[in-house]
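**Q** Have a look at this one.
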């Protein structure tokens, strides 16, 4: 009886091994990693927004638009990253240009401010509802669409046409209602009254500021070296070769962005870079789906982390939790006099956009070679 039982067990084990195939010591014997979906359901998208997010925190600026003037200069270097990864970012819509250029499988946008997440939901609704770039600008700024704008219009032609077009309060109210309906009725997202108020606050700033809206808000452009670029100027920026590769640069780029939004693949998360929840939750999700980080746009957040006790240490600990490969890359910005060191020919530029290897920085961090913000930017190029 014992011999027969052993034969039965051995036969069953052999059949199971043949079915599963050889197993590595690090793989699950039953549950293989799931692949990232090509499209997120509305429920899955909203679950990620809510479950990955932390309590909102403070930042000194509304940061409605970027203040980085050379954000396209790194696009050529990003081609060296391995395709098929996940994009991580921070802040408002400059992320869209990187997403359009890299076309990742998924994009996660962290920000300590819940307002930034609501701004991305506002963008999501407007991009989804727009027929083209000119229609998007009409909705974004609550201004009547000028005539003679079409698919071949350049970014400069779009903003010249909108220059001088007065905002319409009627369009603002209609569009605000349409935004809420798109998010709450079409997508079934459960926005709180505070979320609705935040979206209205952001949208009102775009209505009041129009294409001249800057990082500092309505009428906050400034003068001289402290002058902030407007939304229009940022969308008219080019790479170092003079080509406009922003998400508003061509109709094709805008359609790529629209496809990402339609498939719920740009997910805003409320998260502190030095926090204990959001980044770790996203890292676990990526590992569970056999995904890796191709690029992480951090702007100049690291500069602030080095000014806040041990926050920089916790941030790099969080980064180490993400699945990466040899080509995973940080995209960062440096400001003030530091920018001239990296782009000495860029007279008048407020910032320099740089790249650095994520695995190389983590190696230096583990070796105790990262102690200051200068250590971080010194290995960027």
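**Q** Before rounding to the nearest 500, sum -39500 (n - 2.57) across all DSSP H runs of length at least 4 in the chain and divide by the residue total; then give [θ] at 222 nm in deg cm²/dmol.
**A** For the chain, the value works out to -13000 deg cm²/dmol.
**Q** Evaluate the relative contact order of the range 165-313 (contact order divided by residue number), counting alpha-carbon pairs under 8 angstrom at least 6 apart; express in whole percent.
**A** On the way: 85 pairs, mean separation 13.2, N = 149.
Result for the range 165-313 is 9 percent.
**Q** Just want to confirm a number: the relative contact order over the range 134-248, from Cα pairs under 8 angstrom separated by 6+ residues, in percent. Provide the component values of the computation, followed by the final result.
**A** On the way: 112 pairs, mean separation 24.4, N = 115.
Relative contact order, the range 134-248: 21 percent.
**Q** Considering Cα pairs under 8 angstrom that are at least six residues apart, work out the relative contact order of the chain and quote it in whole percent.
**A** It rounds to 24 percent for the chain.
**Q** Among 275, 84, 242, which one shows the highest mean-square fluctuation when the chain is modelled as a Gaussian network with alpha-carbon springs under 10 Å?
**A** For the chain, modelled as a Gaussian network with Cα springs under 10 Å, the answer is 242.
**Q** Here is a further query. How much FRET efficiency would the formula 1/(1 + (r/R0)^6) give for residue 201 and residue 369, where r is the Cβ-Cβ distance and R0 is 30 Å, rounded to 0.05?
**A** 0.10
**Q** Taking the structure as given and computing Cα extents along the principal axes in Å, which label from (1) 65, 45, 44; (2) 93, 50, 39; (3) 86, 63, 38 fits?
**A** The calculated read-out lines up with (2).
**Q** Under a crude label model (7 Å from the Cα following the beta-carbon direction), how far is residue 170 from residue 154 in nanometres?
**A** My value for the distance between the label points is 3.5 nm.
**Q** Taking the chain as the reference, fit the longest principal axis to its C-alpha atoms, fit the long axis of helix 2-20 to the helix C-alpha atoms, and give the angle between the two in degrees, 0 to 90, nearest 10.
**A** Approximately 20 degrees, to the nearest ten.
**Q** Against the longest alpha carbon principal axis of the chain, how many degrees, from 0 to 90 and to the nearest 10, is the axis of helix 169-181 turned?
**A** 10 degrees
**Q** List residues of the range 52-93, by number, whose backbone nitrogen lies under 17 Å from a label position 7 Å along Cα→C-beta of residue 259.
**A** 83-87
**Q** Place a label point 7 angstrom from the Cα of residue 313 along the Cα-to-Cβ direction, then list the residues of the range 33-71 whose backbone nitrogen is under 19 Å away.
**A** none
All of the numbers you see were taken from the coordinates with simple rules; none came from a lab. Just so you know, these numbers come straight off a predicted model, no measurement behind them. A quick note on method: Cβ atoms are made from the backbone with ideal geometry, for glycine too, and the neighbour counts reach across all protein chains shown.
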